[in-house]
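As structure tokens, the structure follows; a few thoughts come after it.
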Amino acid sequence: MAPVSHFERLPCVGGEVVTITIDGEAHEVDSRWTVAAALIAHGHTRCRCTPEGQSRGPFCMSGVCFECRVDIDGTPNRQACMTPVAAGMRVVLRQDLRALA
Ligand code: FES
């Protein structure tokens, strides 16, 4: 079952459309969005797993909780909610950290 977003997408006014990749899949997003907004808008509500296997995703959207950490352009643990999107950006979700250990 696809995740349900509780965010309403407002019409884009004045922003450019840029393309980013999320786990290798290209997505067009508004250039004024953060990475977390782009993830949620495209149905990615989970960014990573705890060592115990519990999934985590953007929560506070204000840089406080650190639950939105993802790999961006090869740099791990970047806060998606504090990072604006950029054309060509590569975002990688960490679905299961245990598999990487
Ligand atoms: S969503 Fe809380 S720090 Fe990013």
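The values are calculated or read from the model by the stated rules, or taken from the named source; none is laboratory data. These numbers were taken from a predicted model, which means no experiment stands behind them. Methodologically, a virtual Cβ is constructed for each residue, glycine included, from the backbone with ideal geometry; neighbour enumeration extends over all protein chains shown.
Summary table below
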item	result
Pairs where the first residue, in region 19-47, is at positive phi and the second is outside any strand (DSSP E or B) and surrounded by fewer than 20 Cβ atoms within 10 Å (Cβ to Cβ), C-beta under 8 Å, 6+ apart	Asp23/Leu93; Gly43/Ala2; Gly43/Pro3; Gly43/Ser5
Subset tally (residues that are in a loop (DSSP other than H, G, I, E, B) and at pLDDT below 95) for region 89-99	3
Every residue from region 48-57 that is in contact with a helix residue (DSSP H, G or I) (Cβ under 9 Å, 6 or more places away or on another chain) and without any contact (Cβ under 8 Å) to a residue 24 or more places away in the chain	Glu52, Gly57
Candidate set from region 31-44 (those that are more than 12 Å from the ligand (Cβ to nearest atom) and aliphatic (A, V, I, L, M)); member that is farthest from Val85 (Cα to Cα)	Ala41
Filter result for Cys60 (free of Cβ contacts under 8 Å to residues at least 12 places away in the same chain, within 13 Å of the ligand (Cβ to nearest atom) and outside any helix (DSSP H, G or I))	no
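The rows are residues; the columns are (1) assigned to a strand (DSSP E or B); (2) surrounded by 11 or more Cβ atoms within 10 Å (Cβ to Cβ); (3) away from the ligand (no atom under 13 Å from the Cβ).
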| residue | (1), (2), (3) |
| --- | --- |
| Val29 | yes, yes, yes |
| Arg46 | no, yes, no |
| Gly53 | no, no, yes |
| Cys65 | no, yes, no |
| Val70 | yes, yes, no |
| Asn77 | yes, yes, no |
| Cys81 | no, yes, no |
| Ala87 | no, yes, yes |
